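What follows is a set of notes on a single structure, which appears directly below.
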Amino acid sequence: MGAGNLALVGSGWHPPLFREEARSLLESIEVLHPRIVSSSNSDSAVGRISRASLIDEAIESTSRLWIDEGNISASEIAIHVEEWAQSFLPEGSFAVRARNLGRGVCDLSRREIEAEIGARISGKCRPVDLEEPEFEISVLLAGQDDSSGYWDDTQRNDLILWGLRNSKFAGTYNGTSPTDRPFFKPVTLDPRLARLMVSLSFSCNPPSLIVDPFCGTGGIAIEASLLGLDVLASDLDSRMVEGTKSNLDWAMGSGPYKIERCPADSIHEIWGQVEDCSFVFDPPYGRNAWTSEDGLDVFLGALSSASKMCPGGTVCTMLPSSPDALDGPLSEEVQVMGMGWAMMKERIRETGWSVSMASPVRVHKSLSRLVVLCHPAH
Ligand SMILES: C[S@@+](CC[C@H](N)C(=O)[O-])C[C@H]1O[C@@H](n2cnc3c(N)ncnc32)[C@H](O)[C@@H]1O
């Protein structure tokens, strides 16, 4: 048992992308379970992850037990938690909340664990209050986790982890529904995906600027502005430019923004050279999505222009890919915009960028999209 760390619990939607998001937002993480990472505890770490897309819960001053083989009972767990509480649970009312991740651990009953721990710790200075406790002890029973439907090679033993739930952490991000915005089109990116792409483009600290050369209805620009980041957005279609402007005014984010009509291969001409910038965008693609090269030149043109605008920047984008991208580890043969993934990476490299991460998300039966992160090729 070791204590003192911060643990982050990922939303069950896409564990690999949860871990990538945590990696982008924090200096270093240790993966304990597909849906749990740990990081050294600091106030700035909690601040940084507090507006992430795929982080469900933050637990502080954690301690843990690995369950290699054999069984453990609720009363044995309660003894460990009581020992931990002597150092880490402040005086005041508390509640114990246990939850299963994946298949849980050793068929343990969450209610039994909550009751056993509560009974051991409660006393005059630490009464149990299930309604409005001052402190919440989170207990995670983290078993094998294969429910997300995304291929994941992270194998870890079962784990029981507990600590103090950070009450300032708002939980998994939902965002506002795009249909509530003044300007809506079906191309609008889901706010959670847009927020995730913005977070993935961080190198621990946020960049000083987010640029979206295909802003559409402003899905990405809104998330960046809500995070307080400066935004430069553009689109070839003047209706999209006006629509993004009205959506950004409506969203009232604290990050300042500029919006222009511009082809994506010329953004370096209208915005000039900048430093420490992230390009976050989902480019247009044709009807046949992953089977055709429709949209390829526009995409590569945008990458070249981005490299001229900020050669040391970061790119986070999303590309249409064949559904077999979801079947296992990402193969070089997966089709992306009309060519194999290996060839696509080469074409990206020719524009000055190198792929550092790619992870597929499911769109529908015959389409997936690759969330792709790039850094300078040099
Ligand atoms: C997939 S949509 C982007 C959706 C956007 N992320 C949102 O949340 O609404 C692609 C956008 O690229 C724009 N576009 C198409 N060709 C372009 C080009 N050559 N230069 C700039 N924008 C272009 C389209 O007008 C469309 O708004």
Once both label points are put 7 Å beyond Cα along the C-beta direction, the Asp276-Cys106 separation in nm becomes 4.9
Regarding the chain, what whole-number volume in Å³ per residue does the convex hull of its Cα atoms give?
141
What is the local net charge at Val37, summed over the other residues whose Cβ is closer than 9 Å to its Cβ (Lys, Arg +1; Asp, Glu -1)?
+2
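Per residue, how much space in cubic angstrom lies within the convex hull of the C-alpha atoms of the range 50-122?
121
Could you give the length gained on full extension between Trp250 and Arg347, defined as 0.36 nm per residue of separation minus the Cα-Cα distance, in nm?
Length gained, Trp250 through Arg347: 31.1 nm.
Would you mind putting 157-163, 80-86, 180-186 in packing order, based on average other-beta-carbon counts within 10 Å, highest first? Don't skip to the end; give the middle numbers.
On the way: 157-163: 22.4, 80-86: 17.3, 180-186: 13.3.
Answer by packing, highest mean first, reads 157-163, 80-86, 180-186.
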Surrounding charge for Phe88, neighbours by C-beta under 15 angstrom, Lys/Arg +1, Asp/Glu -1, total -2
Among Leu164, Ile137, Leu17, which residue has its Cα furthest toward the positive end of the charge dipole of the range 5-165, with +1 on Lys/Arg Cβ and -1 on Asp/Glu Cβ?
Leu17
Length added when fully stretched, Ser50-Cys204, from 0.36 nm per residue minus Cα-Cα:
54.1 nm
If you check each cysteine of the chain for another cysteine whose beta-carbon is under 4.7 Å away, which ones come up empty?
Cys106, Cys125, Cys204, Cys215, Cys262, Cys316, Cys374
Take the eigenvalues of the Cα gyration tensor for the range 5-165, scale each by 5, and report the square roots as semi-axes in whole Å, largest first.
26, 19, 13
Can you list which of the chymotrypsin sites (Phe, Trp or Tyr not before Pro) found in the range 116-153 are DSSP loop residues with at most 15 other C-beta atoms within 10 Å?
Trp151
Could you go through the range 71-81 in sequence order and give the Karplus-derived ³J(HN,Hα) for each residue, using 6.51 cos²θ - 1.76 cosθ + 1.60 with θ = phi - 60°, rounded to whole Hz, and x for Gly and Pro?
10, 9, 9, 4, 6, 5, 4, 4, 5, 5, 5
How many nm is it between the label spots at Ser331 and Ala170, if each spot is 7 Å from the Cα in line with the beta carbon?
4.2
GNM on the chain, Cα springs under 10 Å; top mean-square fluctuation among Met197, Met339, Met252 goes to Met252
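Suppose every Lys and Arg Cβ carries +1 and every Asp and Glu Cβ carries -1, with no other charges. What dipole size does the chain come out with about its Cα centre, to the nearest 20 debye? Working shown, then result.
Working: 33 positive and 52 negative charges, 113 e Å.
Result for the chain is approximately 540 debye, rounded to the nearest 20.
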Under Stokes-Einstein, with the Kirkwood radius over Cα pairs standing in for Rh, what whole-number D in µm²/s applies to the range 178-376 at 10 °C and 1.306 mPa s?
96
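Taken together, the values in this text are just the output of simple stated rules run on the coordinates, not laboratory data. Quick caveat: nothing in here was measured; it's all calculated off a predicted structure. Cβ atoms come from the backbone with ideal geometry, glycine included; neighbour counts cover every protein chain shown.
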